[in-house]
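Written below as structure tokens is the structure these notes are about.
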Amino acid sequence: MEQTHRLAKSCQKLAVTASLFALFGIPILFYGYLYKAEESSLEAEVEVTAALLSQNIRRNPTLWKYDHETLFDLLRSREGEKLDDSATIFLPNGNRLIEHTLKITGPIISKRLELTAEGKTVATLQINRPLRPLLKETLLAFFFSAMFATLLFYLLKTLPLRAIQRAEEHLQKTNDFLKKVMEGTTNAILVVDLEDRILMANSRSITLCGHTLPKLKELPFKSLFSQTDYSRLELQINKLLSEKKPVSQIETSLLQPDGSKLSIICGAAPLLQGDEIINTVWTFDDVTARKIAEEEVQKLAYYDPLTELPNRTLLKDRLEQFLNNAERNKYQAAVFFLDLDRFKNINDSLGHNIGDQLLIEVSRRLQNCLRETDTVARYGGDEFVIILSEVPNKHEEYISLVARKVLEMMETPIRIQGKELYTSCSIGIAVFPLDGQDSQSLLKHADLAMYQAKEQGRKNFQFFSMDLNRKVRERMQLENNLRQALEQEQLFLHYQPILDLSNGKVSGMEVLARWQHPNKESIKPDIFIPIAEDTGLIHPLGFWILRTAFEQHLAWQRAGLIPPLLAINLSIRQLQQPDFIYQLATLLQETGFEPKYLELELTESCLMESSKNLIDKLQALKNLGISIAIDDFGTGYSSLSYLKHFPVDRLKIDRCFINDIIHSVSDCKIAQTIVAIGKNLGLKVTAEGVELEEQLNILLKYGCDNIQGHLYSKPLSPTEMADFLLNDLAPTSL
Amino acid sequence: MPSNKTTIKVFLTSCIILIFYCQGFASEHSYTFRISGSGSGLASIRPIITEFNKQNPDINIQVLPSTGTTGGILALMDDAIDLSIAARPLSPEEQKLDIVWQPYGSTVIAFTVHSKAEVTSTSEAEIVDILSGKITHWPDGSYIRLVMRSSRESDFIPVINHNNKLAKALKEGLSRTDVIFSSTAEDNIEILQSLPGSLGLTSLAQLQSEQTTLKPLMYNNIAPTLKNLNNGSYPFHKTFFLVYKKHLLSTALKSFVDFILSNQACNILKANGQACRGA
């Protein structure tokens, strides 16, 4: 505003000066020009007239002065004569000889010239010209100048001001617009001069920097950063100042008044005046949220969200690093593959929430019992991997020590939601570089070793060995062969009769799958069924067994035999198949096999891992008319609650209790108890693996309903079974 | 023997006496007087002077450049000349001066054109139109170049005085910017002769005495002759006067004045296109 006022004053001064010049200067110049022109004209007129007069004098040097008429004519008819001029010839004595004149009033312009004859001045010619016309014209010019001056004054006074006002309005609008842009942007914008002073800052700057605008303008720009950050930033500033080009994407932090830091990405551009930098414009973008999100993404990508341990991806990355370090420094490293024993049971029976809490606690414990340089990762589910870096040369001792420490740590009960949980783990160990040169083989071998540990009865650790590796290879071979076996019909069924102790007749027959490998001996189900379960082949294999047994049973029926109940083992994997019930019902319908002849055997562990869904499925099987038996009863938790809830028809006492039933009081008691439970719950009880008369007698004494074993009959081929059934038609007594 | 000094004295004295004798003889036998005044007047008496000089060789007449009638009278009054020729009657003021003025001849004033002009006559109407600028070209297509003198000039006074039409037309002509002015009678003749398409006013006396090539035009079909002037059919003429101071009239000058007024001079005038008034 002050500048505008000053400018207005200057305009006024200029207007006054220019107007005064126009008012007086133009008429004066005009008068000067006219006067000069008149003077020149008069001079020419005098010279021409004098020439004529001199010519006349030369013609008549004696009497010329008497020839008034000629002189008068010469004066009158002079070239360029103006009507209001006055011309006079004076004699040397000053007397007026002749004049051609008009009465001139007012100012005049006058020119004289001497007339000579024979070198002597004989007269003087004088011509006067009035200046009145000049003055009149000048007055007129003054009049027009006055009008022009007035107009000029008005224009000079108002137009620049108006232009300035418009420019100011425009500037204001531009400023408002820029302000809106600056305020509207999510970035902080600061204008900084070359002496590090902040000249301008938008609202966002105030927010990000945490200072008020006046305070911000007092602070040097560098004070917005920590010394370390500014040192790094200074490199970019120097680059900007030297190259005069913008710099961008500089990651740094703003120092907050409370000492905390705010992550930003900043950029700067030079403000040039000509070729010189006058200021720099800085933009700050708050990337704290983005940083957090990036960290989150990083976490999600590389960390397990539940335990916050490194996930499989990061594990592999770390393992590669460890191996590189170990190789470079000639260290050994160990990989532990750790799996919680029976975690699935806990998860299923107590819920995922408890399971998750357990995993978190296990993670915490694992971290606590390791060095900072070691790594614990969650590999998946209840599997963890530990990398021990810089293992000493006598690695087995050190590694065993750590493994034992882990096992011991797991022994301590874990209390979650008021429940005390007992858990253990199995650990497989592979050592670099002995058991593998790369992360993949080390993990694989550790995994194999872990399975070995599991097989060894869990809650222990096993080092990887080549023998183990060989077994695994064999197992893999077997997996492939099993697929072919299904296709090439290498599988067949045997039937082991079950004796009804009440009448000595066959009451059922357990269907036993057999695999006749083309290059090997017959492979037992306890070998290939787990493989089938692991590989998913259990589904086609299970239905093949069902269909084959049904068809065989029907064939026997058609042959006039009276085949008893078919007891077929059912894997929990089969039952977990969503459409198992539907497919079974369809098969029954297709084959025409009556469900009353079918008893499905589930292991106790299956029921323990079950859920509410399993009860529904068992109930659905019951609804179809199928009986349910619990196989290997007594080997698991033998919870009475599931006997109450599950629709079970039969309990099968595991052969491990029958084996020593003659000598072992406890086995005897267990068998007696199981029979008693069955009686009490209205369930039939079958004892498996009965091979001796003494065993039979004990079971008879306890009131067992059925027995199965070599004492009665070994598993039979279909043909043998047909004969057996034929013989069974005759009355028998034990 | 006379001394050498005496001889030298006698010789020098003799020389001085001889010089004075010679001077007295010369003054007694060569009288000079000066004449000026109207140019046309001087031109008219030039043949008379020639004849007078033949008869009076001892009288030396100096004919000075013309001064005009008015200038001649002024020069006369100033004793710059002894005789002035006037081409007009003296004004009342001039008549009051101690001078004698005597008419001795008159001449016709004619509109004259360049020798190569095809035109031979004019009329009052044509002259009026030419002067006023209505007619600017001769019938042959050439431009009419007006050569004028002062309205107080003796050649113009009779035309102005003739009638108002002509007077007005002459005034208009004088105010035109394309008109060529001549300051003396001699200039007038010279310009008219040298300028093709020229038209001016001159006296018949001057035309003849100067032996010019100019062509005088008939006016209203009447030729500018003395005969037509005398019978009153031609309107424009002027009279020449001798002007001198009577008390200063020398013998020689008197004899010249007498000669001009003599029959012999009258004949010379007539022979030069003038009518004599003195005889």
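Please treat every number below as a calculation from the coordinates, not as lab data. All of these numbers come straight from a predicted model, not from anything done at the bench. Positions of Cβ are backbone-derived with ideal geometry, glycine not excepted, and every protein chain shown enters the neighbour counts.
Want the number for A:Ser400 to A:Lys701: 0.36 nm per residue separation, take away the alpha-carbon distance, what's left?
Values: separation 301, 0.36 × 301 = 108.36 nm, distance 5.08 nm.
Difference between extended and current length: 103.3 nm.
What is region A:401-535 by shape, rounded, prolate or oblate, if you read a ≥ b ≥ c off the alpha carbon gyration tensor as root eigenvalues and call it rounded for a/c under 1.5, prolate for a/b larger than b/c, and oblate otherwise? In terms of gyration-tensor shape, oblate. The simple Förster model, with R0 at 22 Å and r as the Cβ-Cβ distance, assigns A:Arg312 and A:Gln417 a FRET efficiency of 0.15.
Pairs A:Lys157/A:Lys245; B:Lys215/B:Lys254; A:Lys239/A:Lys299; A:Lys344/A:Lys669; A:Lys239/A:Lys261: which exceed 32 Å Cα-Cα? Spell out each step's value before the answer.
On the way: A:Lys157/A:Lys245 44 Å; B:Lys215/B:Lys254 37 Å; A:Lys239/A:Lys299 35 Å; A:Lys344/A:Lys669 30 Å; A:Lys239/A:Lys261 25 Å.
Flagged as over cut-off: A:Lys157/A:Lys245; B:Lys215/B:Lys254; A:Lys239/A:Lys299.
Could you tell me the relative contact order of chain B? Use alpha-carbon pairs under 8 Å, at least six residues apart, and round to a whole percent.
Numbers: 489 pairs, mean separation 77.9, N = 279.
For chain B, the relative contact order is 28 percent.
Our estimate of slack between A:Ser40 and A:Asn659, defined as 0.36 nm per intervening residue step minus the Cα-Cα distance, is 207.1 nm.
Each of A:Ser231, A:Ser263 was scored by other Cβ atoms within 10 Å of its Cβ. Arranged with the fewest first, they read A:Ser231, A:Ser263.
Tell me, what is the percent relative contact order of region A:477-728, built from C-alpha pairs under 8 Å that lie six or more residues apart? Numbers along the way, then the final one.
Details: 404 pairs, mean separation 49.6, N = 252.
Reported as a whole number, the value is 20 percent.
Using a/c under 1.5 as the rounded threshold, could you call chain A rounded, prolate or oblate? The axes a ≥ b ≥ c are square roots of the C-alpha gyration tensor eigenvalues, and prolate needs a/b larger than b/c, oblate otherwise. In terms of gyration-tensor shape, prolate. List the trypsin sites (Lys or Arg not before Pro) within region A:199-253 that DSSP assigns to loop and that have no more than 13 neighbouring Cβ atoms inside 10 Å. Here the sparse-neighbourhood loop sites are A:Lys244. For the residues of B:63-75, the average number of beta carbons from a partner chain within 10 Å of their own beta carbon is 5.
Which shape class, rounded, prolate or oblate, goes with region B:108-237 when its Cα gyration tensor gives a ≥ b ≥ c as root eigenvalues, a/c under 1.5 marks rounded, and past that a/b bigger than b/c marks prolate?
It is rounded, given that a/c, with a ≥ b ≥ c, falls under 1.5.
What percent do you get for the relative contact order of chain A when only Cα pairs under 8 Å and 6+ apart count?
Working: 1144 pairs, mean separation 48.6, N = 734.
So the answer I get is 7 percent.
So, R0 is 35 Å and r is the distance between the beta-carbons of A:Glu489 and A:Tyr582; what FRET efficiency does that work out to, to 0.05? Walk me through the numbers before you get to the answer.
Numbers: r = 26 Å, r/R0 = 0.74.
Efficiency, rounded to the nearest 0.05: 0.85.
Once you've got the Cα coordinates, tell me which of A:Lys120/B:Lys168; A:Lys103/B:Lys96; A:Lys291/A:Lys316 are over 32 Å apart. Don't skip to the answer; put the middle values down first.
Working: A:Lys120/B:Lys168 43 Å; A:Lys103/B:Lys96 29 Å; A:Lys291/A:Lys316 24 Å.
In this structure, A:Lys120/B:Lys168 exceed 32 Å between Cα atoms.
Subtracting the Cα-Cα distance of A:Lys244 and A:Asn503 from 0.36 nm times their residue separation leaves 82.5 nm of extension gain.
Taking the average, over residues, of other Cβ atoms within 10 Å as the packing measure, peptides A:161-172, A:572-583 rank A:572-583, A:161-172 from highest down.
If you take the beta carbon distance between B:His137 and A:Leu155 as r and set R0 to 56 Å, what does 1/(1 + (r/R0)^6) give as a FRET efficiency, to the nearest 0.05? Intermediate values should be presented prior to the final figure.
Working: r = 57 Å, r/R0 = 1.01.
Efficiency computed from Cβ-Cβ geometry: 0.50.
A simple spin-label model places pseudo-atoms 7 Å from Cα toward Cβ; at A:Thr288 and A:Ala676 they are separated by 7.1 nm.
Which value at 222 nm does chain A reach when only helices count, each DSSP H run of 4 or more adding -39,500 (n - 2.57), with the total divided by all residues and rounded to the nearest 500 deg cm²/dmol? Show your work: numbers first, answer last.
Values: 25 runs with 375 residues, N = 734.
Taken over chain A, the calculation gives -16500 deg cm²/dmol.
Within the straight-line cut-off of under 18 Å between alpha carbons, the lysines reachable from A:Lys524 are A:Lys471, A:Lys714, sequence neighbours fewer than 8 places apart in one chain being disregarded.
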